[in-house]
Amino acid sequence: MKVLVPVKRVVDYNVKVRVKSDNTGVDIANVKMSMNPFDEIAVEEAVRLKEKGLVTEVIAVSCGVAQCQETLRTAMAIGADRAILVETDAELQPLAVAKLLKALVDKEQPGLIILGKQAIDDDANQTGQMLAALADLPQATFANKVELSADKVSVTREVDGGLETLALTLPAVITTDLRLNEPRYVTLPNIMKAKKKQLDTVKPEDLGVDVAPRLKTLKVTEPAKRGAGIKVADVAALVEKLKNEAKVI
Ligand code: AMP
């Protein structure tokens, strides 16, 4: 069984992002980019399934600019067998990515598609769900545990106030939550090995997908600055301020 793992190149989670002065978006020039952390968890899970002998091939796919190749090489250093870059300079919104992935699902016929639950740049949390709808596949989002057998997969999900376990027939779409696993460190020998693995490049047109944006970003702004705090003398003064100044009690 093949597993397809979509990985997004995003601003590294340690970078403090800055809004562009014209409020059209976030400045990503000369900023460290990395694989979306939830996608690292997705690659790790797919590789563990392969190591258990339940999966034969792990294919990483990334949609975006040529530099996404670096993200795909990282996925292959974790253990993905090969990679596909859907190369475009166009702005890609979740629906466009889901359509590109649907085209690849039709082509590659994976038994499982494991995505991150959300990309930490736009925080959309939409692509997996849209892909499941477009491909008419069962989906389990926010996976905390994945148990795969020959023709079905059991997924434990993190839901408000507890855990929910679902049984899905294959092929199926899964999105990863933070606690699914802890991705391994990428070692130098594996980085070297990853350089020799197969990386194919296609264009959205080759897949017959129109990636034109459907949503327009009107404005991006910094969050309001927090005012400085003060020290109060005692509990009575705190209660008085909460009541009369902050008006929260
Ligand atoms: P989002 O819906 O944008 O929050 O993204 C959810 C997941 O979809 C990510 O964690 C990735 O697994 C996948 N994804 C989103 N955008 C891309 C992209 N450009 N290339 C590959 N995978 C993507």
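The values are calculated or read from the model by the stated rules, or taken from the named source; none is laboratory data. Please read these numbers as outputs of a predicted model, since none were measured by experiment. Counting neighbours? That spans all protein chains shown, and the Cβs are built from the backbone with ideal geometry, glycine included. We work out accessible area using only protein heavy atoms, side chains counted, and drop any ligands, DNA or RNA first. Shrake-Rupley method; radii C 1.70, N 1.55, O 1.52, S 1.80 Å.
Axis angle, to the nearest 10 degrees, between helix 94-108 and the longest C-alpha principal axis of the chain: 20 degrees.
Restricting region 3-112 to trypsin sites (Lys or Arg not before Pro) that sit in a DSSP loop and have at most 15 other Cβ atoms within 10 Å of their own Cβ leaves 16, 18, 20, 32, 52. Averaged over its residues, region 2-224 has an accessible area of 52 Å² per residue, based on protein heavy atoms and a 1.4 Å probe. Remark: region 22-34, residue by residue, has Karplus-estimated 3J(HN,Hα) of 8, 6, 8, x, 9, 6, 10, 6, 6, 10, 5, 10, 9 Hz, where x stands for each Gly or Pro and the curve is 6.51 cos²θ - 1.76 cosθ + 1.60 at θ = phi - 60°. With the simple model of a label 7 Å out from the Cα in the direction of the Cβ, residue 206 to residue 219 spans 4.2 nm. Its relative contact order, with pairs defined as Cα atoms under 8 Å and 6+ residues apart, puts the chain at 23 percent. For the chain, carbon and sulfur atoms together expose 52% of the accessible surface, with a 1.4 angstrom probe and every protein chain in place.
For region 2-224, the ratio of Cα radius of gyration to the globular rule of thumb 2.2 N^0.38 Å stands at 0.99. Between residue 245 and residue 29, the FRET efficiency from the beta-carbon distance, with R0 = 35 Å, is close to 0.25.
Per-residue Karplus couplings for region 171-179, computed as 6.51 cos²θ - 1.76 cosθ + 1.60 with θ equal to phi - 60°, are listed in order as x, 8, 10, 10, 10, 8, 9, 4, 8 Hz, Gly and Pro entered as x. Between residue 66 and residue 22, full extension at 0.36 nm per residue minus the direct alpha carbon distance yields a gain of 13.2 nm.
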